[in-house]
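Student: Here it is, the structure in full.
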Amino acid sequence: MDQFLQYTILGLVLGGIYGIAASGLVLTCTTSGVFNFGHGSIAMLSAFLYWQVRFDWNWPTPVALVAVLGVFAPAFGALLHITIMRGLRETTEITRITVTVALTVGALALANWIWDPTVPRRFDYFFGGTNQVKIFGSRITYHELLALAAAVLIAVGLRFFFYRTRTGVGMRAVVDDPPLLQLTGGRPERLATLSWALGAMLAALAGILITPILGGALDPNALTLLVIDAFAAAVFGRLRSVPLTFLGAVVLGLANNYVLAYFPSERWTWTSNFRISLPMILLFVVLLVLPQDRLRGGTITRARERFRVPTMRSAVVWAVILVVGMFLLREIMAPAVVNTMVIGMTFAVIALSLVPLTGYAGEINLAPVSFGAIGTIIAYHYGVTGSGVDTRMTVWGLLLAAAVCAVVGALVALPALRLRGLYLALATMAFGVFVSTMVVADTVPRVLPLLHVEFSIFPNGTLNVPRPRLGPIDLADGGTFLMVITVLFAVLGVLMVALRRSGYGHRLVALKDSPAACATLGQNPVRLKLSVFMLSAAIAGLGGALMSAAMVSVNPDRFVIFVSLGLVMTVVVAGIGYVSGAFAGGLLAGVGFVALQNMFDKVGTDHASLSSLFSFLSQFSTVLPALIGIGLARNPTGFVDDIIRAFEVFRRARVMLAAGLALQAAIYLLAYTDTFSNWWFVALTVLLWGIWPRITPLVSDRLAPAVRARRAGAGALPAGPADGPAEVPLELVGVDVPLTDEHRRVLDRALGLPETAALPGDLAAVPGRVTPSAGIPPAGTLVPAP
Amino acid sequence: MSTDMAATAAAGPVPGKGAGIEPPLLELAGVRAGYGPIEVLHGVDLAVPAGSVVALLGPNGAGKTTTLNVCCGLQRPSSGELRLAGRSVTGASAETLARLGVCTIPERRGIFPNLTVRENLWMMTQARSWPRGKQARSWSRGAQAQPGVSLRDVEEIAYARFPVLGERRGQLAGTLSGGQQQMLALTRALGTDPAVLLLDELSMGLAPRVVRELYEIVGRLAAEGMSILIVEQFARTVLPIADQVALMLHGRIVNVGAPSEVEEHLSAAYLGA
Ligand SMILES: Nc1ncnc2c1ncn2[C@@H]1O[C@H](COP(=O)(O)OP(=O)(O)O)[C@@H](O)[C@H]1O
Ligand SMILES: [Mg+2]
């Protein structure tokens, strides 16, 4: 009984702290509509900063607390809102999720940069661990009492604030309709800023209170994840209700402590893993029972991202270019670089899994690498033949991995698919954390009941995953592996484009735009989402198994959730609607930034005088991806789209394209003949294609008149009527390019309307501006769509 | 033409408003506005003389809502001027304008669906807060300081006029019927005593009887001397209470005049004849 009471009180304390963190999340979520995946990183940074001022600089405790809780955290929260979150109001859910995920990833990199992770840091209970009171025979420290009191105070205070003050009611109103709040004389921006400041403060408080309770050691990953545990409580409160959030948090805390108290940890080796995974399991259960959202029609927000649909022909051409280019590159790469490149390409395959799911269907999977882990485990246990140096992974093993991942994906996604996109993101994240804390952490062999065989999922914490053999093609050779994975990517990429162009692809895109409209057309949105999620999970599983095979020996660290988050973020930044976005994002996340960092490190050690500069650059390149991710708020379509646009100048300047390719060939030859190193090759290539599209217009402007004169003389090419408008899809006319008579004529033709040639002259001359005297615009005049 | 109108109105008497407060008067002069690269309003001149009701009519997509958005500060004109009581307030934020006495009931969404009726009323009291910022203060100078209004005052007015709201004070506003929602929205005009009232398609999606009821209240406010700008698609409902009618087509005001004068142009405008 004493033990029960003791664990209950400790459970309440833990629950209280979860509640503080979760209520901060609910606060920002209600007012700004942004679910902040980076909430945990605010807590983490604050805990580190507290350690810094209190124990490194020896400020007195009250001053340190005021500095962190009263100054740093609110300022940080307000700054986040003003600089980043405010800009997210008109973007899609994917963009919002990615930006806050980038915040998480960036904060981790920043913490590892400022506070060298090899130095242990810790802080203990406030008032020390020995200052205790006795309540009904159980001991409770002052610190725990303080945490409990703070939780109760905050729960009651927030409830009062939200329902009994005009500011609080305004905060609940602002998410519905910020302009309306303005019309009533309220100031939505100020309310949102205030809520972010408060939310960050609550996160900081939770971070500082929880650190000693869980042992006192400061570890960026662990601290971030701890507050992520509070997500379950926030979801329990439907991201709205403070009392329900606290209730969920208390359940979480109690469950955690009862498992600790009553699960036989010796007999059940998985108990401690289970305890750590508990919040994510509960999050999953909560999602399962959460009532279904009503179907939404077209959202009122104006999505700023637009992906163009490539033609089949261009997809195939680019696939061939990719394979040929990779073949040429392979010839000049050192074996070690080839292996790195193979890993990068496997990442690209995993990234490709996001294209149909996120790019087409608008749903997000925050744990693609965790599906990769499942794929790895399946392929390792059930898809290996031979022994010794001849051990190989079979094709069947890989296919089995993909199939199992599809099934697992269905199980993970099913509860969340009824809900809005954010909940699927949360479910997949819960799955990702679960995989890393429970599945790949299962390293101790034990005897399985009934089967009586000794088994562990991840024996001894390392898997030696053999390279695959596909019939006569043996991938033990890095070069062969590279070509096979490149061909695989190219084929899958072409298939993705075909998928996008098929009726199925159109249904996916329609689903993203308006689930309600889809339902009225007799589509089953859940089935459609489920199928695309399974497809995505299968690709991720396949890519993951190949990734592990490429690495040869993998440990659980490869599958922590932050790897997935970094990958997702980079792919979205590159352009998630495009296969090329997956390629660029996968390569960058898999090897790009690490390579950049290694290069700076290497240059730094070579040039000792500049080593501090280069070590700065090296550290900076760990934060860089997150900075780019945060920049996504400005350009939600991704940078690949920018590159494609930049390269469009070559459509009219084939000569310049040929010249550029010739230069590239020359650079390649110089590298091939070892005249200069591959670094030069990379640098010159980047430089060339950075500059070339920019100087092309200058050059072709000078050449074009001459060419046009020659053409006109020959009369060989009469400008077709659809020549100009055809470049821009009709639905974007008036948005991307100004509306012209040419467009109007094309539209009339498309709609089967009579030609507008009969228009009064002045109307035709001033496109889009109809003189009032002319009355209603004639058929064929475009009224720009909202 | 509209400038003349403004001048006569400014010179004219101010009915209904006692206490010697200089009556605010809303005026758009040469306003151009749009969405991104697309211009929707191509130079709109419009004036709401003090104490009179102006109806802004026009077919779908003419730019009526955009005009109102400029008037209430939700949209910034790319050129032209917005004047309140003769002072230029171009570029003032919507909340500042609201606090200066511009009460806007927007199309469809005049209420917060996830707040209770009572909380919605509470939000309305913000309109009588003092405007923030130096410039906003300077705009409001001259106008007599309006005392703040308490939730209890607004509740009293609201429940007296619409007893049904009193019965449902604890209910979420989003669960009220369409007519009740508009009543709740209109309460803002009743409870905060604004200088100008802007109404956008009050009748949208409502039964004719409810529409009549709502416009009865608008008519009563007009009789009390409130300056009102009404946007409607269905002219018949507003012609009886309007002092002036402005007809809008393709982002321009094409006709202004007394209801009887404009009426004959109406069907032509709507039918595109
Ligand atoms: N948010 C928007 N983005 C782009 N165009 C818009 C937007 N809102 C309205 N428009 C366009 O502006 C024009 C005028 O719209 P609006 O002012 O709503 O007309 P009304 O209220 O008279 O029906 C329409 O052509 C409409 O398509
Ligand atoms: Mg309208």
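The values are calculated or read from the model by the stated rules, or taken from the named source; none is laboratory data. This is a predicted model, so every value here is computed, not measured. In this analysis, Cβ positions are derived from the backbone assuming ideal geometry, glycine residues included, and neighbour counts consider all displayed protein chains. Just the protein is used for accessible areas: all its heavy atoms, side chains included, with ligands, DNA and RNA removed. Shrake-Rupley method; radii C 1.70, N 1.55, O 1.52, S 1.80 Å.
Student: Please sort A:116-122, A:191-197 by packing, taking for each peptide the average over its residues of neighbouring beta carbons within 10 angstrom, highest first.
Tutor: A:191-197, A:116-122
Student: For residue B:88 and residue A:675, FRET efficiency with R0 = 60 Å and r from the beta-carbon atoms, rounded to 0.05?
Tutor: Working: r = 69 Å, r/R0 = 1.15.
With a Förster radius of 60 Å, E is 0.30.
Student: Residue separation times 0.36 nm, minus the C-alpha to C-alpha distance between residue A:683 and residue A:320: what's the value?
Tutor: Numbers: separation 363, 0.36 × 363 = 130.68 nm, distance 2.40 nm.
Full-extension gain reported as 128.3 nm.
Student: Further, regarding this structure: Label residue A:662 and residue A:165 with points 7 Å out from Cα along Cα→Cβ: what is the distance between them in nm?
Tutor: Reported label-point gap for residue A:662 and residue A:165 is 7.2 nm.
Student: Moving on. At 0.36 nm per residue, minus the direct Cα-Cα distance, what do residue A:90 and residue A:613 gain on full extension? Give it in nm, one decimal, please. Walk me through the numbers on the way to the answer.
Tutor: Details: separation 523, 0.36 × 523 = 188.28 nm, distance 3.92 nm.
The residue A:90-residue A:613 span can extend by a further 184.4 nm.
Student: For segment A:492-570, compute Rh as the Kirkwood radius over C-alpha pairs and then the Stokes-Einstein diffusion coefficient at 10 °C and 1.306 mPa s; write the answer in µm²/s, rounded to an integer. Kindly include the intermediate steps, with their values, before the conclusion.
Tutor: Details: Rh = 14.9 Å.
Rounded, D is 106 µm²/s.
Student: Follow-up. First select every other residue whose beta carbon is under 15 angstrom from the beta carbon of residue A:313; then total the charges, Lys and Arg +1, Asp and Glu -1. Spell out each step's value before the answer.
Tutor: Details: positive: A:308, A:500, A:501, A:651; negative: none.
Summing Lys/Arg as +1 and Asp/Glu as -1 gives +4.
Student: May I pose another question? Using the heavy atoms of the protein chains alone and a 1.4 angstrom probe, what is the accessible area of segment A:312-595 per residue in square angstrom?
Tutor: Working: 10160 Å² over 284 residues.
Heavy-atom SASA per residue in segment A:312-595 reads 36 Å².
Student: Once the Cα gyration tensor of segment A:210-285 is diagonalised, what are the square roots of 5 times its eigenvalues, in whole Å and ordered largest first, as equivalent ellipsoid semi-axes?
Tutor: On the way: eigenvalues 97, 53, 23 Å².
Values for segment A:210-285, descending: 22, 16, 11 Å.
Student: Select from segment B:64-113 all residues whose loss of accessible area on going from the chain by itself to the full protein assembly reaches 40 Å² or more (probe 1.4 Å).
Tutor: Residues shielded by partner chains are B:74, B:95, B:109, B:112.
Student: Pulled fully out, how much extra length does the chain show between residue A:270 and residue A:2, if you take 0.36 nm times their separation in residues and subtract their Cα-Cα distance? Before the final figure, lay out the partial values.
Tutor: On the way: separation 268, 0.36 × 268 = 96.48 nm, distance 2.60 nm.
So the chain would gain 93.9 nm between residue A:270 and residue A:2.
Student: A further question on this structure: Explain nothing, just the number: relative contact order of segment A:2-262, from Cα pairs under 8 Å at least 6 residues apart, as a whole percent. All intermediate terms of the calculation are to be shown ahead of the outcome.
Tutor: Working: 408 pairs, mean separation 118.3, N = 261.
Reported relative contact order: 45 percent.
Student: With every protein chain left in place, what is the accessible area of residue A:56 in Å² (1.4 Å probe, nearest 10)?
Tutor: Approximately 80 Å² for this residue.
Student: Separation between the residue B:130 and residue B:108 pseudo-spin-labels, each 7 Å from Cα along Cα→Cβ, expressed in nm?
Tutor: Each label point is offset 7 Å from its Cα along the Cβ direction, giving 3.9 nm.
Student: Taking every DSSP beta bridge that has both residues in the protein assembly as shown, what percent is antiparallel when rounded to the nearest 5? Could you put the intermediate results ahead of the total?
Tutor: On the way: 34 of 54 bridges.
Bridges in the protein assembly as shown that DSSP calls antiparallel: roughly 65 percent.
Student: Counting partner chain Cβ atoms within 10 Å of every residue's Cβ in B:30-39, what's the average?
Tutor: Numbers: counts 0, 0, 0, 0, 1, 4, 4, 8, 9, 3.
Mean partner shielding for this stretch: 3.
Student: If you don't mind, there's one more thing I want to ask. Where in chain A are the DSSP H helices whose C-alpha atoms run 27 Å or more along the long axis and whose mean Kyte hydropathy is at least -1.0? The partial results should precede the final answer.
Tutor: Numbers: long enough: A:2-32 (45 Å, 1.10); A:93-114 (31 Å, 1.32); A:142-164 (32 Å, 1.33); A:188-213 (38 Å, 1.30); A:242-262 (30 Å, 1.49); A:312-332 (31 Å, 1.76); A:395-417 (32 Å, 2.42); A:478-501 (34 Å, 1.91); A:525-551 (38 Å, 1.39); A:611-630 (28 Å, 1.42); A:678-714 (48 Å, 0.47).
The answer, listed by residue number, is A:2-32, A:93-114, A:142-164, A:188-213, A:242-262, A:312-332, A:395-417, A:478-501, A:525-551, A:611-630, A:678-714.
Student: Hey, could you pull the Cα Rg and Dmax for the protein assembly as shown, both in Å?
Tutor: For the protein assembly as shown, the Cα radius of gyration and maximum Cα-Cα distance read 32.9, 103 Å.
Student: For segment B:194-239, which GluC sites (Glu not before Pro) pass both filters: DSSP loop (anything but H, G, I, E, B) and at most 15 other C-beta atoms within 10 Å? Write down the numbers at each step before the final one.
Tutor: Details: sites: B:201, B:213, B:216, B:224, B:232; in loops: B:201, B:224.
Filter output for segment B:194-239: B:224.
Student: Keeping all protein chains in place, calculate the accessible area per residue for segment A:39-114 (probe 1.4 angstrom), answer in Å². Numbers along the way, then the final one.
Tutor: On the way: 2690 Å² over 76 residues.
Per-residue accessible area for segment A:39-114 comes out at 35 Å².
Student: Place a point 7 Å from the Cα of residue A:61 along the Cα-to-Cβ direction; which residues of segment A:142-174 have their backbone N under 17 Å from it?
Tutor: Answer for this model: A:142-151.
Student: Also, quick follow-up: Identify the residues of segment A:660-676 with backbone N under 20 Å of a label point that sits 7 angstrom from the Cα of residue A:695 along the Cα-to-Cβ direction, or state none.
Tutor: What the label zone holds, given the 20 Å backbone N cut-off, is A:660-671.
Student: Sticking with the crude label model, points 7 Å out along Cα→Cβ, report the distance from residue A:214 to residue A:506 in nm, one decimal please.
Tutor: Here the answer is 5.0 nm between the modelled labels.
Student: How much accessible area is lost when chains A and B come together, counting both sides, with a 1.4 Å probe, in Å² rounded to the nearest 100? Don't skip to the answer; put the middle values down first.
Tutor: Values: alone 36520 and 12860 Å², together 46390 Å².
Separately minus together, A and B give about 3000 Å² buried.
Student: While we're here: Counting only protein heavy atoms, what percent of the accessible surface of the protein assembly as shown is carbon or sulfur at a 1.4 Å probe?
Tutor: That share works out to 63 percent.
Student: Along the charge dipole of the protein assembly as shown, Cβ charges K/R +1 and D/E -1, which of A:14, A:372, A:39 sits furthest on the positive end?
Tutor: So the residue furthest toward the plus end is A:14.
Student: May I pose another question? Relative contact order for chain A: what percent, with Cα pairs under 8 Å and sequence separation of 6 or more? The partial results should precede the final answer.
Tutor: Details: 1206 pairs, mean separation 128.0, N = 786.
Relative contact order here is 16 percent.
Student: Here's a follow-up. Name all residues of segment B:176-194 having a backbone nitrogen under 12 Å from the label point set 7 Å from the Cα of residue B:224 along its Cα→Cβ direction, giving them as ranges.
Tutor: Output list for this probe position: B:187-194.
Student: Would you kindly calculate the mean projected area, averaged across all directions, of the convex hull enclosing the Cα atoms of segment A:2-262, in square nanometres?
Tutor: Working: hull surface 56.9 nm².
About 14.2 nm², averaged over all directions.
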